[in-house]
1. So for the range A:121-137 (the condition being aliphatic (A, V, I, L, M) and either within 17 Å of A:G235 (Cα to Cα) or not assigned by TED's automatic domain parsing to the domain that holds A:L188 (or both)), does at least one residue qualify?
2. Have a look at A:L185, A:L192, A:L242 and point out the one that is hydrophobic (A, V, I, L, M, F, W, C) and within 15 Å of A:R101 (Cβ to Cβ).
3. Given B:K118, B:K127, which one is within 12 Å of chain A (Cβ to nearest Cβ), free of Cβ contacts under 8 Å to residues at least 40 places away in the same chain and in contact with a helix residue (DSSP H, G or I) (Cβ under 7 Å, 6 or more places away or on another chain)?
4. Considering only residues that are out of contact with any strand residue (DSSP E or B) (no Cβ under 6 Å at 6 or more places or on another chain) and either in a loop (DSSP other than H, G, I, E, B) or modelled with pLDDT of 95 or more (or both), which ones fall in the range A:166-177?
5. Kindly provide the set of residues from the range B:109-133 that are part of a loop (DSSP other than H, G, I, E, B) and surrounded by fewer than 22 Cβ atoms within 10 Å (Cβ to Cβ), ordered by number.
6. If you go through the range A:78-137, how many residues are in contact with a His (Cβ under 9 Å, 6 or more places away or on another chain) and aliphatic (A, V, I, L, M)?
7. Take A:G141 and decide whether it is within 30 Å of B:E133 (Cβ to Cβ) and either of a type in the set (D, E, K, R) or surrounded by 14 or more Cβ atoms within 10 Å (Cβ to Cβ) (or both).
8. Within the range A:213-261, work out how many residues are in a loop (DSSP other than H, G, I, E, B) and either over 19 Å from B:G94 (Cβ atoms) or among the hydroxyl-bearing types (S, T, Y) (or both).
Amino acid sequence: MSGVTDPLEGRSFSHIENVIYLPSTPSTNDVAKAIVEKMLAETEDLRPTIIVAREQTTGHGRMGRSWTPLPEALAVSVIVPWPEGPERVRLPVRAGIALARGLSRAFALEVRLKWPNDLLVNRRKLGGILVEARANDEGEGWAVVGVGLNVRGTRKDLDSRGLRDATSLEDAGVASTKLAGVAPLSALLDILDAPLGEAGKDPLPEAFAAVSAHGPGDAMSVMDAGRSVSGVFRGVTSDGALRLSTRRGEETIVSGDVVLF
Amino acid sequence: MNVKEIKELVELVSRRGLAGLEIERAGFRLRIEGAPAQRAAPVFTQALADPATPEAPALPPAAPAAAVAQHVSPGPPGSGEREGFHVITAPIVGTFYRAANPDAEPFVKVGDVVEKGKTLCIVEAMKLMNEIEADISGTVVAIYPQNAQPVEFGEKLFAIQQR
């Protein structure tokens, strides 16, 4: 059909069955969730599917927080079966570890994780992950893993937009050949072309430590719903929860934003 | 005490801006907490008065003086109840949210009629936004945790009177 081009240039994947490419969409996670509902209503079977947007106009982070779009950022959402049992709650941290490892390898960077799964380079945010999941009354579940990744944007561009805590692949010094055309998207899809829930069967405390932006003994504060907890980083639990030594003893934190670290 | 009477009490607490209200009868206790600071519907919780049945549903099956108990059929834990109040519990440890974001309307309020599959809340752990759905159709008669409150695995979140 004339006028229709394949942005992925005909490449295929070993695990992903469908790639849906949208030039612009409000939120790839919302599109993914609508597709899941349709798949389950029509076939009761989830197919590994990725939704890609060149531009995401109202992407969101934790609790609806807006994700400021850059002119050239990638937004990708992956539909995956939600692993059962204890692996369920580990999915966001496992996805973060898989992306930190994969992006470091693909772009020759040192990508670190800010707990639980913000992707940092030089302590600035390169990308973020938001997992939205649901289980039915039979216990079967699905998850949508949304990834936002800043591709282009020089330090000057980012600072002029007030994004002093953000970085991009370009700002991090990735070679221009790796940023041309669909190369960044292709690299990201390669990382996601694996069952994310199985990404790294290693115990989480060790796997997280290998890519952590926090070192043992680092002071940090965590904000959650108006509450703040300050303490010293002691690693993560087997489920990926944050272990913090505070004046009251060790606390395990399951949700919140690390605001000072 | 039936659902209509409970709703009237909830509305009373809300209308008068009361901090709370507690009623105790033989075999059951009803506590309604107002939440004026959050401008949300009051949250009401019901607690078992019989410590010998900690695994029982939200309301005691054997509470002769309490009409509420008539709505409850015991059933084994985790099986849900075919009649009366059905309790939905937290599938993971996390933070309980009644809305998709701080500016959004709550997914449900006490008194709402919900269809099976309707999203009731989000329980968040490690940036995993876990949408909890109604596994039966009916009327929401209780929302146990406050918004943004930490909840434990298995903790009661909602009671629904099956339609």
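The values are calculated or read from the model by the stated rules, or taken from the named source; none is laboratory data. Bear in mind the structure is a predicted one, so any value in this text is a computation, not a measurement. Positions of Cβ are generated from backbone atoms using ideal geometry, with glycine treated the same way; all protein chains shown enter the neighbour counts.
1. no
2. Going through A:L185, A:L192, A:L242 in turn, just one is hydrophobic (A, V, I, L, M, F, W, C) and within 15 Å of A:R101 (Cβ to Cβ): A:L192.
3. On the way: B:K118 fails: in contact with a helix residue (DSSP H, G or I) (Cβ under 7 Å, 6 or more places away or on another chain).
After ruling out the rest, the residue left standing is B:K127.
4. Residues satisfying the conditions are A:L169, A:E170, A:D171, A:G173, A:V174, A:A175.
5. B:K109, B:G111, B:D112, B:E115, B:K116, B:G117, B:K118
6. 2
7. So A:G141 passes the test.
8. Within the range A:213-261, residues that are in a loop (DSSP other than H, G, I, E, B) and either over 19 Å from B:G94 (Cβ atoms) or among the hydroxyl-bearing types (S, T, Y) (or both) number 12.
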